[in-house]
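The structure appears below as structure tokens.
Read-outs throughout are calculated quantities, based only on the coordinates presented, and are distinct from any laboratory measurement. Treat the numbers as computed from the prediction; the structure is a model and nothing was measured. Quick reminder, even Gly has a Cβ in these numbers, built from the backbone with ideal geometry, and neighbours come from all protein chains shown.
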Amino acid sequence: MVTQLPPQSSFIQPNSYVDIRPPRRVLVDPILEEKDKFHPAMAAEVLPELPSATNEKFEETKSIISNRLAMLDSDVPNAGDELVVIPLGTNSALSSRYRNGD
């Protein structure tokens, strides 16, 4: 258990938001929770099937990456080392109901 946290601290959880004017505690947004497709899919015992078009694009992309890695010097120890995934920030996977007017 974490101790010595400020009184208004809370653990991070999906679909949470906080109003800062006036300051309020962190709440779970039921609308975001209803629209959230990502977290329930990751918690499922069986992952959802991807459409065949998506699988084809994955295979095409893997082929392109393999070809480009083959053209690099042998200094690259493992395929994909030069690839970086940069998350765009909190809740970037879900559109904001405020930003999109939903």
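Which order do 84, 18, 26 fall in if you start with the one that has the fewest other Cβ atoms within 10 Å? Don't skip to the answer; put the middle values down first.
Numbers: 84 6, 18 11, 26 14.
So the ranking, lowest neighbour count to highest, is 84, 18, 26.
Would you list 19, 36 from fewest to most Cβ contacts within 10 Å?
On the way: 19 10, 36 16.
Least to most surrounded, the residues fall as 19, 36.
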